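Just so you know, all these numbers are worked out from the coordinates, no wet-lab data involved. Predicted model, so just to flag it, every value in this text is computed and none were measured. Here the Cβ is made from the backbone with ideal geometry for all residues, glycine too, and neighbour counts use every protein chain on show.
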Amino acid sequence: MRTLKRRLASVVGVSLLALVMLALWPVWVAGSVLFDVARRKWRLPTTRLMAFAACWAWIEVAGVAASAVMFTAGQRKNLGAHYGLQRSWAGALMNALRWTVGLRVHVKNPEVLRPGPIIVLSRHASLADSLVSAWAVGNIARLQPRYVLKRELMSDPCLDIVGHRLPNYFLDRGSNNQSEELRGLAQLGTDLGEFDVAVIFPEGTRTNPAKRERILAEMAKRSPERAERLAVLRHLLPPKPAGALALMEAAPNADIVIAGHTGFDGLDTFGGMLRRLENGGGVGEMWFVRIPRSEVPADGLTRWLDDRWLDLDRAVGAELVKDERHEQ
């Protein structure tokens, strides 16, 4: 009953948003343009963000409608069909991002993702990270991703409905039963095949400097040595090892892929998005580093993960420097 109420609320809410934005588009376009011009924001960030919101709402409506057709046709457990729907959803949203806010994403080396099975450990910097990684892994590399997602994302009707039909796990970050959450998460690592990918964001939340400072301060009380080792992080948060290690234990034959990206920092809030749009959408870069399982130590995995995160932090910093030089 709780699931039905949640889905009813989200589907009705998104459908109403889509209809209202379509019916009143001359009003909100004119109003947002005047608002931006009055503030001398000549790139029209508010207008462009609202245009993306309208596209997102209609893409959600289309995704929910397609999922309903699949259910009616008795295809609720057809993984291939639902992965196809997920690719269509991700591709449509990426096109909407490019057309409305001008954000383009370049995936440098998707070929290293194949073949599976692999476990992807990805940095987490923005509201778009799950979408971009789903597009890179599913649409470009043509693999079948299984995600560890926070339960709050179930407010998105497509992620809720289709996400539960695919082998994802919605993690309750506030649960008092961590062992149960880890068991559910670890299930994603079982029976991974040639086209399967398990994806987790070890930082557990979107990165920003305030969070990094707070997490390191709390870590210093529990594990001062680890806090000192990770204090040099400048772009990433310290990784939370439990989930990543549970996945790795459940899939002992899977290679590990570290996923890095730039161009999404600061997009962790709607205010951050508006500030970015004031300067143009820009280009996001995503890349992958594959580590054969034979090179992953059997012991000391927390230290190993910390070292990989320090490597990734340096790589992100180097990419940001290159981006700055290119802009100059």
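Taking label points 7 Å from Cα along the Cα-to-Cβ direction, E249 and V27 give a separation of 5.6 nm. Within the same chain, lysines fewer than 8 places from K108 are excluded, and of the rest, those with a Cα less than 21 Å from its Cα are K322.
One decimal place: the segment K211-A73 gains 45.1 nm when fully extended, by the rule 0.36 nm per residue minus the C-alpha distance. Here the 3J(HN,Hα) profile of the stretch 88-95, calculated from phi with Karplus coefficients 6.51, -1.76 and 1.60 at θ = phi - 60°, is 5, 4, 5, x, 5, 5, 5, 5 Hz, Gly and Pro shown as x. For the pair K150 and D191 in one chain, pulling the backbone fully straight at 0.36 nm per residue adds 12.5 nm over the alpha carbon distance. For the stretch 2-327, the relative contact order comes to 22 percent (Cα pairs under 8 Å, sequence separation of at least 6). Across the stretch 191-268, C-alpha contacts under 8 Å between residues 6 or more apart give a mean separation that, scaled by the residue count, equals a relative contact order of 40 percent. Please work out the Kirkwood hydrodynamic radius for the stretch 2-327, using every pair of different C-alpha atoms, and report it in angstroms with one decimal place. The Cα-based Kirkwood calculation yields 21.0 Å.
Our estimate of slack between L166 and N109, defined as 0.36 nm per intervening residue step minus the Cα-Cα distance, is 17.9 nm. Say the dipole of the chain comes from +1 at the beta carbon of Lys and Arg and -1 at that of Asp and Glu; which of N177, M219, V289 then lies farthest toward its positive end? The one lying farthest along the dipole's positive direction is N177.
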